[in-house]
Amino acid sequence: MNFLLNTKKAIILIPSLFCAFSIFAQTEEVFLVTDFDGGGILPSTWESFGDLGLYGVQRNNSLSDGKYYELAWNGTSDKGYIVSQSGITFRLIPKKKLKGKTIDNVFLRLDVNCGGAPGTVVNIVLVDGPNDCCKNEVNWQYTFTKDTCEWETLEINLADFGYAYGSNNHEKTIDFTKVGRVKIGINPEQGPKKQVVQFDNVELVVKENVTAQGYQPNIVIPESTTLKTAAKDFFVGVAVNPERVRATDHSSVYTREFNSITAENAMKMKSIFKGLDENMKIIYDWTQSDAIVDFAENNGMNLHGHALVWHESIPDVLENFKGTNAQFEAIIGQYITTVVKRYKGKVDSWDVVNEAIADNTTKMRESLFLERMGSNYVEKCFEFARKADNKVKLFYNDYGLEHDVQKQKGAFELIDGLKNKNLIDGVGYQMHLDYNFPSKATLQTATNLAVDRGLLIHFSELDIKTNPKGDVNELTEQRNQAQAKKVYEVVSVYNNIPENLKYALTVWGLKDDESWITPRYGFPDWPLLFDANFKRKKAFSGFVQALE
Ligand code: XIL
């Protein structure tokens, strides 16, 4: 056992002993320690699985004791799946102790380094079966990039592990009586050609009182408390469309509960940009967008403009445009300038570019804009917007910023560049989440990226899937409560942002039966704060409770 870490642990543990009888104390129980000394594996806690001898390295290190484990890959073979093939896996033994624990309370803690290979993509997998991959077993995976090669202690909440085989799935019924192995390795499909991961002192830690303390399942929110009155220092927004702002059943709830709106589709390029005349002047249709702008104006609501440039909303005439790149760029300039000028003083903020970074990478997403306007197209768009109206607030908006560390890196590089040129005011985290993903800790880390940079923050499209895998046919009480708790976490994180950086928290639609989630993903879902009958759900209560 590493002496220094031992000391650190003593510091963590002693106060919790003092507070052992207080319900607010955070106690932790550490077990399954592997420090790789004394032959590597402590038989009473872990047992080896596969050929560990190959990888054991003995070395002294300022932060470590005698031994740690190192895996290296130098790009010579694309069969570098050390995770699943080299046998660096450990079987967990004291399963009984984990029985009955929820994943919110269990953490994997370990020391990691990247041994001179910055950018190493590290995979950690929990497995519930005997095979290396995928056969009748569940693999929960956590991936991160280790950029600076120094030892650091990571603590990962099991709630942040995603289901490894199957896109977008986050299987979160980890059966602790079955979880048998932890696999640690490198992902050669991503990251640089040379990758190294060194690790030591792997522990499983059970903490008590880590979950949202404040959310109370049975609290009934009085009728007179509304979302906008509960939020004292930021706007609460809702995505709307022209038909619904005209329908009184909807509009009465919009004006009662919210003080900001975003057009769900009506202010996107496809809704406004209807063609090009022979002089390459854009033909506009303002009916949809004006309806939204008028509604905001007539009801004294804040209006967030969404979105000037988005790869999913490109008019056909641009998709099929035969002119030069310079002509294409001039048309985009014409579009942004005209729209932003038209709504000067009426639109408070714009998403200038939406979703420019590709998933799980730091790279720009392939799109017509990238192809036609070049790698600095985002900057060009922000310049057009700034020039058209130097008062309106300009945002970069994206999904996955809440948890995708690669995308975060790419996006904030882009944002930093814009900020250096004073072209951007804020960042929108879309917040299309699942009832069990990501964890509050991950949301907090993500939010801090914008707080640290002094940017305005918009949680811009909040909805929380209750059926991401399509395994239920109705909203079960368990999912309903889990969703409410997740809303509570999201709103708590938002509310903790320094006041001057809070902008708005916007939900992506009013009621469950109108959400884009079901048509988009093909499963029935209940992702919003109101049910099909305009009734406030538990999720509504979670929202308000987080503000009390
Ligand atoms: C969605 C709308 O909700 C749908 O009605 C439409 O068919 C597609 O777009 N990210 C965004 C939003 O920035 O504009 C998207 O809205 C949802 C994902």
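The values are calculated or read from the model by the stated rules, or taken from the named source; none is laboratory data. Owing to the predicted nature of the structure, the values given are computational and were not obtained by experimental measurement. When we count neighbours, we look across all protein chains shown, and the Cβ atoms used for this are built from the backbone with ideal geometry, even at glycine.
Applying the set (1) farther than 16 Å from ASP359 by Cα; (2) crowded, with 20+ Cβ neighbours inside 10 Å; (3) of a type outside the set (Ser, Thr, Tyr) to LYS407 leaves exactly one unmet item: (1). Evaluating ILE292 against the criteria (1) part of a helix (DSSP H, G or I); (2) surrounded by fewer than 21 Cβ atoms within 10 Å (Cβ to Cβ) leaves one unmet condition, (2). Does segment 498-510 contain any residue that is in contact with a Ser or Thr (Cβ under 9 Å, 6 or more places away or on another chain), among the polar types (S, T, N, Q) and within 15 Å of the ligand (Cβ to nearest atom)? Checking segment 498-510: at least one residue is in contact with a Ser or Thr (Cβ under 9 Å, 6 or more places away or on another chain), among the polar types (S, T, N, Q) and within 15 Å of the ligand (Cβ to nearest atom). Using the structure shown, decide if ALA263 is crowded, with 19+ Cβ neighbours inside 10 Å, within 16 Å of the ligand (Cβ to nearest atom) and either basic (Lys, Arg) or under 22 Å from GLN483 (Cβ atoms) (or both). Spelling it out, it is not the case that ALA263 is crowded, with 19+ Cβ neighbours inside 10 Å, within 16 Å of the ligand (Cβ to nearest atom) and either basic (Lys, Arg) or under 22 Å from GLN483 (Cβ atoms) (or both). Of all residues in segment 498-548, those satisfying the criterion of being in a helix (DSSP H, G or I), out of contact with any strand residue (DSSP E or B) (no Cβ under 8 Å at 6 or more places or on another chain) and over 16 Å from TYR435 (Cβ atoms) are GLU499, ASN500, ASP513, GLU514, PRO519, ARG520, VAL544, GLN545. Against the criterion of being over 24 Å from ASN105 (Cα atoms) and buried (at least 22 other Cβ atoms within 10 Å of the Cβ), TYR429 qualifies. Filtering segment 121-173 to residues that are under 23 Å from the mean Cα position of the chain (by Cα), in a loop (DSSP other than H, G, I, E, B) and modelled with pLDDT of 75 or more leaves ASP147, THR148, PHE161.
Residues in segment 347-364 that are surrounded by fewer than 24 Cβ atoms within 10 Å (Cβ to Cβ), of a type in the set (Asp, Glu) and over 14 Å from the mean Cα position of the chain (by Cα): ASP348 alone. Within segment 412-435, residues that are under 20 Å from LYS485 (Cβ atoms) and in a strand (DSSP E or B) reach partners that are within 16 Å of the ligand (Cβ to nearest atom) and of a type in the set (Val, Ile, Thr) with beta carbons closer than 7 Å, at six or more positions or on different chains, in the pairs LEU433/ILE464; ASP434/ILE464.
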